Every structure is written in C-alpha cells, then in structure tokens.
1. What ratio of Cα Rg to 2.2 N^0.38 Å holds for the stretch 29-92?
2. What's the angle, to the nearest 10 degrees (0 to 90), between helix 64-94's Cα axis and the longest principal axis of the chain?
3. Rounded to the nearest 500 deg cm²/dmol, what is the calculated helix-only ellipticity per residue at 222 nm for the chain, with -39500 (n - 2.57) per DSSP H run of length n ≥ 4?
4. Can you find, among Ala84, Thr42, Leu73, the residue farthest towards the positive end of the dipole of the stretch 29-92? Put +1 on the C-beta of Lys and Arg, -1 on that of Asp and Glu.
5. Could you work out the relative contact order of the chain, using alpha carbon pairs under 8 angstrom and six or more residues apart, expressed as a whole percent?
6. Between the stretch 1-22 and the stretch 65-80, how many Å separate their Cα centres?
7. Relative to the present Cα-Cα distance, how much length would full extension add between Asp60 and Gln6 at 0.36 nm per residue of separation?
8. Obtain the nm distance between the two label points defined at Ile52 and Ala84 by a simple spin-label model: each point lies 7 Å from its Cα along the Cα-to-C-beta direction.
Amino acid sequence: MMNQQQLLRQARKLQEQLAKIQEELGNETVIGTAGGGAVEVTLNGHGNFVKIKIDSSAADPQDLETLEDLIGLAFKDAQAKVSALSQSRMGPLTGGLGIPGL
C-alpha cells in the first residue's frame, strides 16, 4: 500500500507533467477548414484564435450568408481538432479519468 509521501510525490509529478503539456499545447496550432479549404481557421492548442484565411472564391459580396456559415464550420472543425489534440496529449497521462478541463 502506498504511503502519503509517495502519493504526494506522484501527485506533484503528475501536476508538473500536466503543466508541461499545457505549455506545449499553447505552442501548437490546428487548422479547421470548410468549403473545400476555401475558409481556414487557425487556433492554438488552447483553443484561442490565431488567424483566419479566406480564399477569394468564398467572398461573394452577394452571398455573405454562405461565407458566414463557412467561417462557423471552419471554426467548429478547428475546435474539434483542438479537443482531439488535447485528448491525445492528456489521455495517456490522466489514464482516461475524465478530469474536467483537461
């Protein structure tokens, strides 16, 4: 059976590893796309907006509603990729514990 000292040591080590992964995620980016790549939204590994790229073919002044939809879809795609990236990095460490915010 594990004593308190060992448990605290393991908890500190886990905390350090999680902090390192969080830092690394902030330095990574994912790109969500829509409209066959006509709209690209880039987010960092924390899900923060980095940039947006819109191909001129998607920018029809007579049909802004479609462009708005494409931006929303690209953003959702990027969010899903951030979530998958975070899960792939944190999953092995948290052992599938489902810790909120990780």
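1. 1.21
2. Rounded to the nearest ten degrees, it is 20.
3. -19000 deg cm²/dmol, from helical runs alone.
4. Ala84
5. 26
6. So the two Cα centres are separated by 39 Å.
7. On the way: separation 54, 0.36 × 54 = 19.44 nm, distance 6.26 nm.
That works out to 13.2 nm of additional length.
8. So the two model labels end up 2.3 nm from each other.
None of the figures in this text is laboratory data; all of them are computed from the coordinates on show. All of these numbers come straight from a predicted model, not from anything done at the bench. Positions of Cβ are generated from backbone atoms using ideal geometry, with glycine treated the same way; all protein chains shown enter the neighbour counts.
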